[in-house]
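Written out below as structure tokens is the structure these notes cover.
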Amino acid sequence: MPRTWAISGVDLHLDLDGPRVRAGLEAGLREAVSSGRLRAGSRLPSSRALAVDLGIARNTVAEAYGQLVAEGWLTAVQGSGTRVAARVEPGTDGAAAASAAPPLRIRYDLRPGSPDVSAFPRAGWLRAARRALAEAPFGALEYSDPRGRPELRAALAEYLARARGVRASPERIMICSGFTHAFSLLCQALRAGGAGVLAIEEYGLPSVPAAASAAGLALQMLPVDADGAVVTDLGEAGAAVLTPAHQFPLGVSLAPGRRSAVVQWALAGERMIVEDDYDGEFRYDRHPVGALQALAPDRVIYAGTASKTLAPGLRLAWLVLPPGLIEPLVALRLRSDQHTGVLDQLTLAELIRSGAYDRHVRRSRLAYRRRRDRLITALRRRAPEVRVAGIAAGLHAVIELPAGRGEEEVVARAAERGLGLTGLASFGACSRRQRPEALVLGYAKPPEHAFTGALARLVAVLTEDDPPVSSGPAPQAPRPARGRTARRS
Ligand SMILES: Cc1ncc(COP(=O)(O)O)c(C=O)c1O
């Protein structure tokens, strides 16, 4: 007879079929341990309690426990009860694991894509979460508007207008689980709306062409030069996706003439532009480049994300939609995930509303600007033959390698020394044109305490003056802040 009983507060299902109750209990426990349903160290109930739960004699349970202790499945220690014994985890092939080469350990990570997550404002997030949850009505925990919580859409409308010049009203905003999710929905909506071809920048995030193709859109590649994407010939495209403020990954911004040209193109033919403003908050030497969306709010879909300002693991992003796309996007959400989780939405709304989000962005901007300056100085002094580009903004730079050095060789050499690097080829969506070999360097990613070491290793790899792996102190990761509000349970 199948039964479910609670073990150390965890429900465990046991199949006690058959007339031999003790054998059935032993077999059930063996199966639960070997399949991993009962983990090593889990405490089993006392024989008396389990006997009462299962409606069997206490002796039967005690004998079954004794047998399993003798077989090595369980341990019994005076005073600490009966526990599941430590053993090889299920599915681990010991022989294969022993013979496999150890994976290269990245101790210093300069791959692009992430901010310094060790600087995540844990205390501020916890304060905002506590307050948001305390104030949320019960209704907030029901299924919500597919566009997202009104509190967050209102906070973002105000923030985006103020900080990025976006023409946003809460009704037009949709919260998504990251840009990648948002863009995939957009591709489906654009395709359903009749677009056949999507123009994309020749270099970019690999998930962009992947999502477009998955939605049935054909791709047109736009070359990128010093003035950003070349938008003079958009051919048959029904929509274009651009990174106007800071081209990813080359780092140039779309020149004013091209900004108006692409907007004119969209207005002239009922076409759409997707503006991926992934790191628009981080501009260092000049005034921020405002959002393209402000030039044509009914033709430009604005997309922003918390992945650079806070952390990519949050999976929070937002779209500001032209009116005609709201209904199709809502319909897509209703038949996929309904909406993004409400608690994180409410927390982010409170973070923005309280001013803590702005403060964190300002602090981060200052810290990343300092890192960028240190990177430039170190390369200028120690590796003057490399050229650094795309540094006016964002969290990454393009490092053009000197003649004779190839991306793959430099990336592999760095990996052997525990340094994570990425070659520009990883972001080439089309056949490679003539271009220098280069790295896309994410200088924001290492925690502050590891940045000096990362820089030293980068210089050493670029100048072929590599120290052995063991040299230099290993970065000691400080524990997360343990202030009163940041304490973890
Ligand atoms: C060009 C670009 N757009 C958007 C994003 C953010 O994507 P997501 O919000 O899915 O983390 C990234 C992250 O690396 C990016 O490089």
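The values are calculated or read from the model by the stated rules, or taken from the named source; none is laboratory data. Computed from a predicted structure; not experimentally measured. Virtual Cβ from ideal backbone geometry, glycine too; neighbours counted across all protein chains shown. The area values use the complete protein model at the heavy-atom level, side chains included, leaving out ligands, DNA and RNA. Shrake-Rupley method; radii C 1.70, N 1.55, O 1.52, S 1.80 Å.
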What ranking do 30-40, 284-294 get when scored by the average of other Cβ atoms within 10 Å per residue, highest first?
284-294, 30-40
With a 1.4 Å probe and all protein chains left in place, how much accessible area per residue does segment 221-360 have, in Å²?
35 Å²
Using modelled amide H (1.01 Å from N, peptide plane; none on Pro or chain starts), what sits under 5 Å from the amide H of CYS176, excluding residues fewer than 5 places away?
ALA317, TRP318, LEU319
Solvent-accessible surface ranking, highest first, for ILE273, ILE56 at 1.4 angstrom
ILE56, ILE273
Work out from phi, with θ = phi - 60° and the Karplus expression 6.51 cos²θ - 1.76 cosθ + 1.60, the ³J(HN,Hα) of each residue of segment 321-334, listed in order in whole Hz, and give x for Gly and Pro.
9, x, x, x, 9, 5, 4, x, 5, 4, 4, 5, 5, 4
Peptides ranked, highest mean first, by Cβ atoms within 10 Å: ranges 172-179, 74-81
172-179, 74-81
Lys, Arg +1 and Asp, Glu -1 on Cβ, resulting dipole of the chain about Cα centre, debye, nearest 20:
1840 debye
State, as an integer percentage, the relative contact order of the chain based on alpha-carbon contacts under 8 Å between residues 6 or more apart.
19 percent
Would segment 108-215 count as rounded, prolate or oblate if I go by the C-alpha gyration tensor, calling it rounded below 1.5 in a/c and otherwise prolate when a/b exceeds b/c, oblate otherwise?
oblate
Scoring only Lys, Arg, Asp and Glu (+1, +1, -1, -1) among other residues with Cβ under 13 Å from the Cβ of GLU151 yields 0
Distance from segment 288-316 to segment 224-269 (C-alpha centre basis), Å
16 Å
Carbon/sulfur fraction of accessible area - segment 175-333, other protein chains in place, 1.4 Å, %:
56 percent
From DSSP H assignment alone, runs of 4+ in the chain each adding -39500 (n - 2.57), the sum over residues rounded to the nearest 500 puts [θ] at 222 nm at -12000 deg cm²/dmol
Counting only DSSP beta bridges with both residues in the chain, what percent are antiparallel, rounded to the nearest 5?
65 percent
Please say if segment 221-370 is rounded, prolate or oblate, where rounded means a/c under 1.5 for a ≥ b ≥ c the square roots of the C-alpha gyration tensor eigenvalues, and otherwise the choice is prolate for a/b larger than b/c and oblate otherwise?
oblate
Suppose R0 equals 22 Å; then what is the FRET efficiency for ASP227 and ALA268 from their Cβ-Cβ distance, rounded to the nearest 0.05?
0.55
By the C-alpha gyration tensor axes a ≥ b ≥ c (rounded if a/c is under 1.5, else prolate when a/b exceeds b/c, else oblate), the shape of segment 140-183 is oblate
